[in-house]
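Each remark here refers to the structure printed beneath this line.
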Amino acid sequence: MAAEESRCLLGHPASDCYPRVQNKKLYLATFAAVLGPLSFGFVLGYSSPVIPELRKINDPKLRLDSNQGSWFGSTVTLGAAAGGILGGYLVDKFGRKLSLMLCSIPHVFGFVVIISAQNVWMLYFGRILTGLASGVTSLVVPVYIAEVSHPKVRGMLGSCVQLMVVTGILGAYIAGIMLNWRWLAVLCSLPSCIMLLFMSFMPETPRFLLQQNKHSEAMAALRFLRGPHADHEWECRQIEANVQEEGLNLSEFKNPAIYRPLLIGVALMFFQQVTGINAVMFYAETIFEDANFKDSRVASVVVGSIQVCFTAVAALIIDKTGRKMLLSISGFALGWGPVPWLVISEIFPLKARGISSGACVLTNWIMAFLVTKEFNDFIGFLTSYGTFWLFSAFCCLNVTFTAFYVPETKGQTLEQIEAYFRRS
């Protein structure tokens, strides 16, 4: 074991240092956590089948015109932006596990408001609440998974976040064919309840526990996550070497080891949204209706199915191909969907992880709001051809940015990634 430890310290791939790890309970903890992104996906997908239905409903208090439909689709992103700020505070103050459990409350309550809605404003309020929960979830779950995983499987497990998001979107599309908007809201509230139950039996992350000086609890968490035969003491020492007890001062953002990964993370979130993906996913059914598809709901399901299939492929290959290659050569579901969320969960130093992740999530959802809210105006001003050519131009900029600024994090521990930014 001493030889293995020296290999790691000399910079060999960190995956060489986990020869006797058992992953069963790690996979269980990841499954419990990604029920949050599944709920988040149901929130995103809910608007696509529901907006056309609410445009035709007989009740004038609930009927949506085109402007109200765009607000119904986009208000969720405003709630999610607020959730990014809240999540950045919660994840450092109360930990990763408790933050994830708490976000189930606004999620369920938001759908209860939608189910009981008597007017358009109740629909908006319900969407904002479910968006708030989604914003917290989109921050906390990648951090939780990154901190409980070891480098050999961190890419695969981190990619499961986006996989469950697109699975939730597809589930909402399919269920929307069979259920009316109120019963669909009932269905969308269920995954969050199951996540709350499962997460109550999962451990807090060892890194957060060590940051709180809870060494025995951190060792217990490592035994749960790695199995009885792994070298828990060695991993604990590696984490402790990078744990800094003091809080983060704003003056420290002058340090390149903190501001460089933050700028990379913010840019990744910006570029992810200006691909236009959320506009397509929020208004899929409306887009296909305007394009005169005979069955716009089935067409939306096909789009959602493609997203799920290729995001699953990304999860299987990301630890072999690396992050930069997928960002550079693939389409959205293989690269720009899962990889930015994975990278921002890896590159921030532990002491800045909450506030930096919050800034990235805030950027993501503000851009999502602007793109989804103004999508119809873009169509009117630039035509549909011009709008999608604009999105294509941003995709080209994405590739250039990746080539010059995004580091490769494949096979490295979080501590090694942090050391890379300190050195450079």
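Tabulated data
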{"item": "Any hit, the range 281-302, residues being modelled with pLDDT of 75 or more, small (Gly, Ala, Ser) and more than 26 Å from residue 153 (Cβ to Cβ)", "result": "yes"}
{"item": "Test set (1) crowded, with 18+ Cβ neighbours inside 10 Å; (2) modelled with pLDDT under 85 - residue 383 fails condition number", "result": "(1)"}
{"item": "Residue in the range 177-199 that is small (Gly, Ala, Ser) and modelled with pLDDT under 90 present", "result": "no"}
{"item": "Residue among 378, 369 that is touching a residue at least 12 places away in the same chain (Cβ under 8 Å), crowded, with 18+ Cβ neighbours inside 10 Å and over 22 Å from the mean Cα position of the chain (by Cα)", "result": "378"}
{"item": "Only one of 76, 113, 50, 91 that is part of a helix (DSSP H, G or I) and at pLDDT 90 or above", "result": "113"}
{"item": "Breaking point among (1) among the polar types (S, T, N, Q); (2) more than 30 Å from residue 22 (Cα to Cα); (3) at pLDDT below 90, for residue 149", "result": "(2)"}
{"item": "Scan of the range 195-248 for residues that are part of a helix (DSSP H, G or I), basic (Lys, Arg) and more than 21 Å from residue 23 (Cβ to Cβ), ordered by number", "result": "237"}
{"item": "Per-region count, the range 296-328, residues closer than 19 Å to residue 397 by Cβ and free of Cβ contacts under 8 Å to residues at least 12 places away in the same chain", "result": "1"}
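The values are calculated or read from the model by the stated rules, or taken from the named source; none is laboratory data. These figures come from a predicted structure and were not determined experimentally. Using ideal geometry, Cβ is built from the backbone for each residue, glycine included, and neighbour counts are taken over all protein chains shown.
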